[in-house]
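A.B. asks: Can you read through this structure? Questions will come right after.
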Amino acid sequence: MATHLLTPPGLHHPASPSPSPSPSSAARLRATASLAHPLLPSRLRLAAAPPSPSPRHRRRSGMSVVRSSLIDPDGGALVELVAPPDRVPALRAEAEALPRVRLAPVDLQWAHVLAEGWASPLRGFMREVEYLQSLHFNCIRLPDGGLVNMSLPIVLAIGDAEKEQIGDKPDVALEGPDGGVVAVLRRVEIYPHNKEERIARIWGTTAPGLPYVDESIASAGNWLIGGDLEVLEPIKYNDGLDHYRLSPRQLRNEFDKRGADAVFAFQLRNPVHNGHALLMNDTRRRLLEMGFKNPILLLHPLGGFTKADDVPLPVRMEQHSKVLEDGVLDPETTIVSIFPSPMHYAGPTEVQWHAKARINAGANFYIVGRDPAGMGHPTEKRDLYNPDHGKKVLSMAPGLEKLNILPFKVAAYDTVAKKMAFFDPSRSQDFLFISGTKVGSLVLTAFIM
């Protein structure tokens, strides 16, 4: 099996432990950072946090001292777009008189993402100014001049008939795939949907066979509609998994309840295998060595659209539950939750979105491995992206400075020790590599049988 394990901590972004480590912990922290990566520039090394009178104290440079679950969301506050219950009857009545736009399943997933604040500070589907910034800069400029990372445009496409029906009306009602009213989109703006430009900018290719393009863009309308979103009720799927779908606010509350002083997030779209488990347990061990007292793992499988050969979400969630039940991961220090975003398979561009969303959920460490959010080229026998570019891009991405990026080392099955272990190139013949996708197919086969 092949996966990748956390390198010794020489983090590219300032860390966020709380409370401040004791002097002995701080000394160990400095020693660990300097010994781990002696060739890194000093600004990239992990430094100990100075004492702070307040857990929410901030410094413009150096280390931020903040409880992990209280790390500021992008823009300073979670933007949650679900209406209070007492407004719902009035919203339903208002929606009856509005033009309507039907949401496809992927559109509903994006409405869910927006409603819970994963994309904070966005207040709805992007208007053109936001769209162009996201598409060309991977960032959005805030009113105060600051930047937040926004590497994937979150947009809603409509056709000519819908555009004509809306006309100059300022508000529209959004229907779910079943026809029920889901939300009201206010102060709308309609602008051209240049599909070729969008695809080329996000994926770096317009080759046929890109899964998200085939699912959600190729047949979409020629217009995009943006506006402020007001969702009538929390979005549910009634698939037996809604209890796993914790919002950013719910996750932050759970981190506080468990007394987390660090939260490290790990996203996957295939079952957990022994290499993943070794990685996650090793990450927690290293965070403890760095002076944190109670690091919590956010095991955060992607729950939106995935391509046909990925393992279905119900199978993955059953397997994740079994991993905790069997003690492979500690249930006391692990939270399993579903991330509702659709998957683009857009490599270094998309992995920024994955990392940014976890900031809004309160995580201050993000694990990244080989070829994150990548896939094989749809028409050629090669990877679509350089496998190392995802972690390199995360280390430089504007708007992600407060997130600690944790890259992996390679792990594989050691045929001598008969267990997963760090790969030793001096005896490479002793290691077996099996991809996560292969493991996923084996789990799916076992589940079906």
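The values are calculated or read from the model by the stated rules, or taken from the named source; none is laboratory data. Given the structure is predicted, the values throughout are model-derived calculations rather than measurements. Neighbour counts are summed over all protein chains in view; Cβ atoms, including those assigned to glycine, are modelled from backbone coordinates with ideal geometry. The protein model used for the area step is the full one, side chains on, heavy atoms only, and it has no ligands, DNA or RNA in it. Shrake-Rupley method; radii C 1.70, N 1.55, O 1.52, S 1.80 Å.
A.B. asks: Checking the structure you have, find out if any residue of the stretch 242-263 is small (G, A, S), touching a residue at least 60 places away in the same chain (Cβ under 8 Å) and over 30 Å from V328 (Cβ atoms).
C.D. replies: No, because not a single residue in the stretch 242-263 is small (G, A, S), touching a residue at least 60 places away in the same chain (Cβ under 8 Å) and over 30 Å from V328 (Cβ atoms).
A.B. asks: Same structure again: Under the condition of being in a helix (DSSP H, G or I) and free of Cβ contacts under 8 Å to residues at least 24 places away in the same chain, which residue from the stretch 191-220 is most open to solvent (accessible area, probe 1.4 Å)?
C.D. replies: Across the stretch 191-220, the extreme among qualifying residues is E196.
A.B. asks: Working only within the stretch 386-419, note down all residues that are open to solvent by 30 Å² or more (accessible area, probe 1.4 Å), touching a helix residue (DSSP H, G or I) at 6+ places or on another chain (Cβ under 7 Å) and over 22 Å from I71 (Cβ atoms).
C.D. replies: Once the filter is applied, which keeps residues that are open to solvent by 30 Å² or more (accessible area, probe 1.4 Å), touching a helix residue (DSSP H, G or I) at 6+ places or on another chain (Cβ under 7 Å) and over 22 Å from I71 (Cβ atoms), the stretch 386-419 yields H389, T415, V416.
A.B. asks: Right, another one. Are there any pairs, at least 6 apart or on different chains, whose C-beta atoms fall under 8 Å, with the first in the stretch 423-437 and in the same structural domain as D309 (by the TED database) and open to solvent by less than 70 Å² (accessible area, probe 1.4 Å) and the second modelled with pLDDT under 70 and of a type in the set (S, T, N, Q), and if so, which?
C.D. replies: Here the result reads G436/T3, each pair linking the stretch 423-437 to a residue that is modelled with pLDDT under 70 and of a type in the set (S, T, N, Q).
A.B. asks: Taking D309 as the residue in question, decide whether it is acidic (D, E), in the same structural domain as T334 (by the TED database) and assigned to a helix (DSSP H, G or I).
C.D. replies: no
A.B. asks: State yes or no: is G275 at pLDDT 95 or above and among the small types (G, A, S)?
C.D. replies: Judged against the criteria, G275 is not a match.
A.B. asks: Further question: So for the stretch 358-377 (the condition being touching a Gly at 6+ places or on another chain (Cβ under 7 Å), open to solvent by less than 40 Å² (accessible area, probe 1.4 Å), in a strand (DSSP E or B) and in contact (Cβ under 8 Å) with a residue 24 or more places away in the chain), does at least one residue qualify?
C.D. replies: Yes, the stretch 358-377 contains at least one residue that is touching a Gly at 6+ places or on another chain (Cβ under 7 Å), open to solvent by less than 40 Å² (accessible area, probe 1.4 Å), in a strand (DSSP E or B) and in contact (Cβ under 8 Å) with a residue 24 or more places away in the chain.
A.B. asks: Which residues, taken from the stretch 82-103, are part of a loop (DSSP other than H, G, I, E, B) and either out of contact with any Gly (no Cβ under 7 Å at 6 or more places or on another chain) or open to solvent by 60 Å² or more (accessible area, probe 1.4 Å) (or both)?
C.D. replies: A83, P84, E96, A97, L98, P99
A.B. asks: What residue, among those in the stretch 336-351 that are touching a residue at least 60 places away in the same chain (Cβ under 8 Å) and open to solvent by 10 Å² or more (accessible area, probe 1.4 Å), is farthest from H300 (Cα to Cα)?
C.D. replies: T349
A.B. asks: If you take the residues in the stretch 258-306 that are of a type in the set (A, V, I, L, M) and in a loop (DSSP other than H, G, I, E, B), which one is farthest from the chain's Cα centre (by Cα)?
C.D. replies: Among residues in the stretch 258-306 that are of a type in the set (A, V, I, L, M) and in a loop (DSSP other than H, G, I, E, B), the one farthest from the chain's Cα centre (by Cα) is M290.
A.B. asks: I'd like to check which helices (runs of 4 or more DSSP H) are fully inside the stretch 104-190 and have at least 3 residues that are surrounded by 19 or more Cβ atoms within 10 Å (Cβ to Cβ).
C.D. replies: Output list reads 105-116, 128-137.
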